[in-house]
1. Estimate the FRET efficiency between residue 82 and residue 144 by the formula 1/(1 + (r/R0)^6), using the beta-carbon distance for r and 30 Å for R0, to the nearest 0.05.
2. Taking R0 as 30 Å, what's the FRET efficiency between residue 67 and residue 44 from their Cβ-Cβ distance, rounded to 0.05?
3. Once Rh is set to the Kirkwood radius over Cα pairs, what Stokes-Einstein translational diffusion coefficient, in µm²/s, holds for the range 2-86 at a temperature of 10 °C and a viscosity of 1.306 mPa s?
Amino acid sequence: MPFWEILNNKLLWAVAASGLSTQILKAFASIIWEGRLNWKRTLEPGGMPSSHAASSATLAIMIGLSAGFDSWLFALSAYVAFVVMYDAAGVRRAVGRQAIALNRILESRTLKKKAQGLQIIELLGHTPIEVLAGCLLGIGWGILFHYLIG
């Protein structure tokens, strides 16, 4: 069955492992930022490092190493990686800032009762440093996986 061939897709497994390991790394990074190990960070968007940046960079670098950095496939994957990283540091970060403002409005005396404890998730995007850290991790993962499972 062609669908089950997906289980043999080493590139897909490498990208998933890159994203998952980077997401787990957020729990350990919380020791620096929060002073404690916070496992909830593994399930939350945003924060240091960006797993979106890591997984998209892993995909692009592995395609570049396999198909060539002058291939159309690498160009496509690199473009998608840049869009993902731009979105994480731009649009999603702006949405997070808007969520902070909305939560403050909901805490006002006149809306507090109507909001009934509603809180909007605030940490949605990334700072440019968080995206850069994720990108560098993703490049490292991509090189490691390429030569490990290549």
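1. Using R0 = 30 Å, I get an efficiency of 0.85.
2. Result of the calculation: an efficiency of 0.30.
3. On the way: Rh = 14.0 Å.
Estimated via Stokes-Einstein, D reaches 113 µm²/s.
Computed from the coordinates by the stated procedures, all read-outs in this text should not be read as laboratory data. What you are looking at is a predicted structure, and each value in this text was computed from that prediction instead of being measured. Methodologically, a virtual Cβ is constructed for each residue, glycine included, from the backbone with ideal geometry; neighbour enumeration extends over all protein chains shown.
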